[in-house]
Amino acid sequence: MTDSTSTNRRQFLKQASLGGVLAGAMSLPVWASQTQAQFPDTLPEWMRKPGDNFSNYGQPSPYEQQVIRWISANPDAPGNGVSWTPLHDLQGTITPNGLHYERHHNGVPQIDPAQHLLLVDGLVQQPLSFDISSLLRYPMVSRTCFIECGGNSNSGWKNNPIQSKAGYAHGLVSNAEWTGVPVKLLLEEAGIKSAAKWIIAEGADAAALNVSIPLEKLLDDAILALYQNGERLRPENGYPLRLVLPGWEGILNVKWLRQLRLVEQPAMTRDETAQYTELQADGSARQFTFVMDVKSLITSPSLGMVLPDNPGIYQVSGLAWSGRGKITRVEISADGGQTWLDAKLHDPVLDRAFTRFSLPWHWQGQYAILQSRASDETGAVQPSRSALIEQRGHHGFFHYNAIISWEITESGDINHVYAD
Ligand SMILES: Nc1nc2c(c(=O)[nH]1)N[C@H]1C(S)=C(S)[C@@H](COP(=O)(O)O)O[C@H]1N2
Ligand SMILES: [Mo]
């Protein structure tokens, strides 16, 4: 190590430990480099022979085989279940299509697009049907947004903190660029009758899942998505077309969409009465809780990882999102919420989409509790767990958005704890 490097390192460590344990702005930091700048004597094996053949459709490196969705399905009804996005293994904000979370009520239909029809009917001047090839000729828009299941993070309602990796407890949320036809275009083409206030959307899966959606939302920013991150939708995510309702609960983003029926009143279907409603502290239930509230999650360091250097410098990094608008602030605490520092928000900060945040942290080997707290442009702030439970009671199942706490032990292990 040269003299100047060691001086920089000393200066940096001094700065980094200011204001408690989190590092703010700094100059010329030394992160985790090694000082032996030399290759081994022999060339690696892959430089001594020609490489592999090309492929028609790419796959991740075999060294990344552990980066997978984690499936939890009901053994008695295997088509009913979820698979979780491994948020703890990903960076940036876009969820690769093969890792988008899944929630199926009755399996994944293999739909032949040539035989699929979308009907727009009910309170319209002229009922219409659309096949996929005609939909592909409509003007399209692209929008990057998250979709989150209302049941994401629901283990948070339990009395003991679940010891699952970040994505396997909070990864029923993913973020993609969706491209398709504004729903408004098709509704206007059919002609909306003035009595129409709601739309019943139905999917072409064996569940024939259906939900009621306020007409207003469909006229505002809803997309009939045909493409997901540039390629046609994956079967799991609704091929050949699905509804995307930016910021609204997952269940409303009906996959394999086959019908939009305009009506006066919500239909009170199973998935908006028996399910996807929330029991409150006073025994009443909330219904039609469409918007997903502001939330954040530290993806690294997080449970299942170990901090190898003690002391050491680590990038605290994670995701924040809100169904009400843009993320405006993410604060980080390393002492269980006593002191907070602002994390850096990475560009682009988009409306109702994942926002990546980070903050360097100089860990000095002490017991620590890492937390992130997000705010959005409506002024909503992510609540502590005790505040959420005080407001909503203990019998919740959906819409859990409290602050998530990772405990760092003195040996660098990480556990999930309830800290507030
Ligand atoms: N037709 C149909 N649409 C559906 C579902 C379903 O089972 N069938 N699941 C819903 C639920 S509960 C969620 S959270 C999202 C999940 O979308 P994804 O599997 O693409 O992540 O789709 C919604 N749309
Ligand atoms: Mo869901």
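Here is the list for the stretch 208-295: GluC sites (Glu not before Pro) lying in DSSP coil, each with at most 14 other C-beta atoms within 10 angstrom of its C-beta, are 264.
Its alpha carbons give the stretch 196-317 an Rg and a Dmax of 19.2, 63 Å. Among the trypsin sites (Lys or Arg not before Pro) in the stretch 359-419, none sits in a DSSP loop with a Cβ that has at most 14 other Cβ atoms within 10 Å. Ordering 280, 134, 172 by the projection of their Cα atoms onto the charge dipole of the stretch 117-286, which places +1 on the Cβ of Lys and Arg and -1 on the Cβ of Asp and Glu, puts 172 at the extreme positive end. Inter-part distance, the stretch 121-144 to the stretch 290-342, computed on C-alpha centroids, equals 40 Å. Computed from the C-beta positions of residue 67 and residue 184 and an R0 of 35 Å, the FRET efficiency is 0.40 to the nearest 0.05. Let a ≥ b ≥ c be the square roots of the eigenvalues of the Cα gyration tensor of the stretch 117-286; is it rounded (a/c under 1.5), or, if not, prolate (a/b larger than b/c) or oblate? Judged from the Cα gyration tensor, the stretch 117-286 comes out oblate (a/c at least 1.5, b/c at or above a/b).
Backbone geometry of the stretch 292-303 corresponds, through the Karplus equation with coefficients 6.51, -1.76 and 1.60 at θ = phi - 60°, to 3J(HN,Hα) couplings of 8, 7, 4, 7, 8, 7, 7, 8, 7, x, 8, 3 Hz, x marking Gly and Pro. Taking the 1.4 Å solvent-accessible surface of the stretch 117-286 as the whole, the part contributed by carbon and sulfur is 48%. Per the Kirkwood formula applied to alpha carbons, the chain shows a radius of gyration over Rh ratio, Rg over Rh, of 1.02. For the chain, the residue among 105, 250, 70 whose Cα projects farthest onto the positive side of the dipole built from Cβ charges is 250. For the pair residue 273 and residue 33, the difference between a 0.36 nm per residue extended length and the Cα-Cα distance amounts to 80.8 nm. Normalising by the residue count of the chain, find the relative contact order in percent from Cα pairs under 8 Å and 6+ residues apart. 16 percent. Would you work out if the stretch 359-407 is rounded, prolate or oblate? Take a ≥ b ≥ c from the square roots of the eigenvalues of the alpha-carbon gyration tensor; rounded if a/c is under 1.5, else prolate when a/b is larger than b/c, oblate otherwise. Here the stretch 359-407 falls in the oblate category.
Whole-Hz Karplus values for the stretch 360-371 come out as x, 9, 9, 7, 10, x, 8, 4, 9, 10, 8, 9 Hz, taken residue by residue from phi with 6.51 cos²θ - 1.76 cosθ + 1.60 and θ = phi - 60°; glycine and proline positions read x. Using only Cα atoms, find the angle between the long axis of helix 3-16 and the longest principal axis of the chain, and express it within 0 to 90 degrees, rounded to the nearest 10. In the chain, helix 3-16 runs at an angle near 50 degrees to the longest axis.
At a probe radius of 1.4 angstrom, the accessible area of the chain per residue rounds to 48 square angstrom. Cα centroid separation, the stretch 170-194 to the stretch 49-67: 35 Å. Close amide-amide hydrogen proximity is noted between residue 300 and 317, each under 5 Å apart and 5 or more residues distant or on a separate chain (H modeled in the peptide plane; Pro and chain starts excluded).
Placing 42, 409, 95 in order of accessible area, with the largest value first and a 1.4 Å probe, yields 42, 409, 95. Just tell me which lysines come within less than 18 Å, Cα to Cα, of residue 193; anything on the same chain fewer than 8 places away is out. Correct list for residue 193: 184, 217. Under 5 Å between amide hydrogens, built in the peptide plane, is the criterion, and for residue 263 it picks out 123, 197, 198, 199, 200 among residues at least 5 positions away or on other chains. Please list, in chain and number order, the residues 5+ apart from residue 328 or on another chain whose amide H is under 5 Å from its amide H, with Hs placed from the backbone. Residues meeting the amide H criterion: 375, 376, 377. Each Lys and Arg Cβ is given +1 and each Asp and Glu Cβ -1; about its Cα centre, the chain then shows a dipole of about 300 debye.
In summary, the lysines within cross-link reach of residue 158, defined as a Cα separation below 26 angstrom excluding same-chain residues under 8 places away, comprise 295.
Tell me, what is the percent relative contact order of the stretch 171-223, built from C-alpha pairs under 8 Å that lie six or more residues apart? Rounded, it is 42 percent for the stretch 171-223.
The values are calculated or read from the model by the stated rules, or taken from the named source; none is laboratory data. Remember, it's a predicted structure, so these values are computed and weren't measured experimentally. Don't worry about glycine lacking a Cβ; one is built from the backbone with ideal geometry, like all the others, and counts go over all protein chains shown. Quick note on the areas: whole protein, heavy atoms, side chains included, nothing else; ligands and nucleic acids left out. Shrake-Rupley method; radii C 1.70, N 1.55, O 1.52, S 1.80 Å.
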